[in-house]
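Novice: One structure is given below, represented as structure tokens, and several questions about it will come after.
The values are calculated or read from the model by the stated rules, or taken from the named source; none is laboratory data. Predicted model, so just to flag it, every value in this text is computed and none were measured. A quick note on method: Cβ atoms are made from the backbone with ideal geometry, for glycine too, and the neighbour counts reach across all protein chains shown. Just so you know, the surface numbers come from the protein's heavy atoms only, side chains and all, with ligands and any DNA or RNA stripped out. Shrake-Rupley method; radii C 1.70, N 1.55, O 1.52, S 1.80 Å.
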Amino acid sequence: MSSDTKHLRITLVRSVIGSKQKARATVEALGLRKVNTSVTHKETPQILGMINRVSHLLSVEEVEVEDA
């Protein structure tokens with residue numbers, strides 16, 4: 001793999017309680033279940049679109065991932 005692909009650490013910082021069903025489904029699709037949990041994903045248009053949809057619930061930061 002190329003080392004120039006960016007990775008994002010996505011953290012759920014607000015609860016999905018009271019959110020619309022689409023927002024809940026998007027958060028679940030990102031792999032987040034509980035508040036203050038984090039996942040790492042490659043920066044792709046699909047992931048960026050999901051982040052944009054529920055950005056009010058998330059914290060996003062760029063990280064470097066070592067490929068084995």
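Novice: Whose amide H sits under 5 Å from the amide H of V13, counting only residues 5 or more places off or on another chain, with H placed in the peptide plane?
Specialist: Under 5 Å from the amide H of V13 lie the amide H atoms of N36, L58, S59, each far enough along the sequence or on another chain.
Novice: Another question, then. Residues of the chain: accessible area per residue at 1.4 Å, in Å²?
Specialist: Accessible surface, normalised per residue, equals 75 Å².
Novice: To continue, here is another question. Taking a ≥ b ≥ c as the square roots of the Cα gyration tensor eigenvalues, with a/c under 1.5 meaning rounded and otherwise prolate when a/b beats b/c, else oblate, which class fits the chain? Each step should come with its number before you reach the end.
Specialist: Details: a/c = 2.63, a/b = 1.97, b/c = 1.34.
Here the chain falls in the prolate category.
Novice: For the chain, with all protein chains present and a 1.4 Å probe, just round the carbon and sulfur fraction of the accessible area to a whole percent.
Specialist: The C+S portion of the solvent-accessible surface of the chain is 48 percent.
Novice: In addition: Obtain the nm distance between the two label points defined at S59 and Q46 by a simple spin-label model: each point lies 7 Å from its Cα along the Cα-to-C-beta direction.
Specialist: 2.8
Novice: Please give, to one decimal in nm, the separation of the simple spin-label points placed at I17 and K34, each 7 Å out from Cα toward the Cβ.
Specialist: Rounded to a tenth, the inter-label distance reads 1.5 nm.
Novice: Go through V35, Q21, G49 and say which Cα lies farthest out towards the positive end of the charge dipole of the chain; charges sit on Cβ, +1 for Lys and Arg, -1 for Asp and Glu.
Specialist: Among V35, Q21, G49, the one farthest towards the positive end of the dipole of the chain is Q21.
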